[in-house]
1. Can you work out the Karplus-derived ³J(HN,Hα) for every residue in the stretch 21-37? Use 6.51 cos²θ - 1.76 cosθ + 1.60 with θ = phi - 60°, whole Hz, and x for glycine or proline.
2. Assuming 0.36 nm per residue, please report the length gained on full extension of the stretch ARG35 to ALA124 beyond their Cα-Cα distance.
3. Length gain on complete extension for the stretch ARG4 to ALA17, per 0.36 nm per residue less the alpha carbon to alpha carbon distance?
4. With a point put 7 Å past each Cα toward its Cβ, work out how far ALA42 is from THR71 in nm, to one decimal.
5. Can you work out the PRE-style zone for ASP98? Point 7 Å along Cα to Cβ, and I want the residues of the stretch 69-89 with backbone N under 18 Å.
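Computed from the coordinates by the stated procedures, all read-outs in this text should not be read as laboratory data. Source: prediction; values computed, not measured. Cβ coordinates were reconstructed from backbone atoms using ideal geometry, including for glycine residues, and neighbour counts include every protein chain displayed.
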Amino acid sequence: MAPRAGETYLAGEVLAAPPQKLQLMLIEAALRMVRLAEQHWAADDQRAGNNALRRCQQIVVELLSGLRRETMPDLVGRVASVYMFMYRSLVAATQDHDPRKLADVARVLEMERETWRQVCQALAQSSEPVEAHERLTLEA
């Protein structure tokens, strides 16, 4: 079966994206999954909501696995703590069907999204080499 146009575009965007843009894309995808779960729960479709939350959990695990503790261990440790908070909140939300837990995760993801938007914008305006961009992405 041939890929849909949207899938082809997304694959191309991912392959061409610098590391900081990939980070932003992951955060935006996680936020979309939280919103989707909220919508499914509001429609009393617990199964679909839980599936969206599992996808969000997978994205958060991917964010965690991309952290490089050997670079700026204190900062990376704090970021890892934030991601672990989100993961635990997603698990608890799934178990308890607690929309407040989802709201907590959504707030954190919105802050992360804004931070990474600013990083992407600042790096797009700078003339730093790609290696510096990669270092920033992996350190945050």
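1. Once rounded to whole Hz, the list reads 6, 4, 4, 4, 4, 5, 5, 5, 5, 4, 5, 4, 5, 5, 5, 5, 4.
2. That pair, ARG35 and ALA124, stretches by 29.2 nm at full extension.
3. On the way: separation 13, 0.36 × 13 = 4.68 nm, distance 2.00 nm.
Answer, rounded to one decimal: 2.7 nm.
4. 3.9
5. In the stretch 69-89, the label zone of ASP98 (backbone N under 18 Å from the point 7 Å along Cα→Cβ) covers 82-89.
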